[in-house]
Amino acid sequence: MSLSRVNILLTWCNENGIQIDPRIQVQELADRTESSCNSSRARGISVYSLEDFIDCSRSLVRIPKAAILSTRSCFLSQDITSAPYGHAAHLALALALYGEILRGQDSKWFGYLQSLPRETVDTAIFWGAKDVIDFRSCVCSSRGEPIPSHSAIGDDAGNVGPACSNTDFPECAPCLQYLDSKRARMWLSCTEAEKELDGLMDEIRQYYVSVVEPTLHAAFGRLRQAEAERNVNEVLGGEIPRLDECSNELNSVEPSLPGFCHAYSLVSSRAFLADAYHGLAMVPVADAFNHTNENHVHMESDFDVCTECGSLAECDHDRETLTAVPSRGGACSLPGVCKPDLALEIDTLDMCSVKPILPHSEVFNTYGSLSNAELISRYGFTLPENEYDIMWYTLPPTVVTMPTCRGAYRSESET
């Protein structure tokens, strides 16, 4: 990632009220080969301390919740059925993120989005799947070979054409990517990672066809209609792009399964559970901290907010309840009890230090107590000495055969 993208990101952060402690710095990784296990390193962005020692219990990054990207805050918020947790939450947030990526510079989050990886994060969920790879640059097209299609539903081997051989066409990056991922997927056979991935790719394909494509076409259709009604050329001095007429650096504006999988991989490897309103969300700068089990920082957030509007302070939705309940932010809603004015407080997510940080060292977060199977499936890397790595054994059912005792229990009438 070029330095200019870091500068654009930091400018965007400043415009959106994100505060970064001057003792740390978001940097691009100069040597992309020095790490073999961390996906954040591979994408070229990380956080380092500068010359000052940092003590524990310090808020190093404060991100207003108004700056995070979720199914509640995106421009598709009225079209997406959000989910509180699970794979459904990942799919919904991936659609929210993909919609913003397709909008390009019209997106409120463009300054943040332009800093994200341009390539699909190499998580194991996509290994061996042809239809998630963009084969438009495949050299097979110039050699008379069949080109894999972009069909979204069906068996991998049945809905795409054969990829070229890496010995015949070593310069063909898409086909080499597919062949390499296919071999990698074979190594996961009969492992815990294979159990983690079971059925997920089929769910992604089905969600793309049934939800993503119709939602995006309907949403951008409304934007074009609004453009015609409001004469955007005169008011804003520009046109809202058609899905099939414009492109930008981040992605093709035309929806595609590979494009959606790119957004899904970003969600899988970078999203945080923000609070009861936003749920799973993309949190700028917080996702720049790489993972280790011996982490320096963790995220802190007031999770208990209004599920209807996201307010940390008491709101109209609270007044609709018939009984007194504890107020958010630690205050009490009972009559006669003095409460702080939370309406004046900006609700933020904070990256706080949990241990001292030495000068000129990388600052790490933790993604949780995850096994290597979970790490390779969600983030695309493993840890060489992972204390949380486990293996489950499923024993076959035991059949107990009882001896036949009919003859031993004959009644007296039978003797």
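Brief remarks on what is shown
- Any pair with Cβ under 8 angstrom, 6 or more apart, that starts in the stretch 291-319 at a residue that is open to solvent by less than 30 Å² (accessible area, probe 1.4 Å) and ends at one that is part of a strand (DSSP E or B) and not hydrophobic (A, V, I, L, M, F, W, C): 291/365; 295/365; 297/353; 297/365; 305/275; 310/275
- All conditions in (1) open to solvent by 10 Å² or more (accessible area, probe 1.4 Å); (2) at pLDDT below 95 hold for residue 62, with the sole exception of (2).
- Taking first residues from the stretch 184-211 that are more than 16 Å from residue 265 (Cα to Cα) and partners that are modelled with pLDDT under 95 and exposed (fewer than 13 other Cβ atoms within 10 Å of the Cβ), the Cβ contacts under 7 Å between residues at least 6 apart in sequence or on separate chains come to 192/391; 192/392.
- Taken over the stretch 255-274, the criterion of being within 10 Å of the chain's Cα centre (by Cα) and not in a loop (DSSP other than H, G, I, E, B) is satisfied by 262, 263, 264, 265, 266, 267, 268, 269, 270, 272.
- Just one residue in the set 105, 114 is over 18 Å from the mean Cα position of the chain (by Cα) and modelled with pLDDT of 85 or more; that residue is 105.
The values are calculated or read from the model by the stated rules, or taken from the named source; none is laboratory data. Since this is a predicted model, take the numbers as computed values, not measurements. All Cβ positions, even for glycine, are placed from backbone atoms using ideal geometry, and neighbour counts span all protein chains on display. The area values use the complete protein model at the heavy-atom level, side chains included, leaving out ligands, DNA and RNA. Shrake-Rupley method; radii C 1.70, N 1.55, O 1.52, S 1.80 Å.
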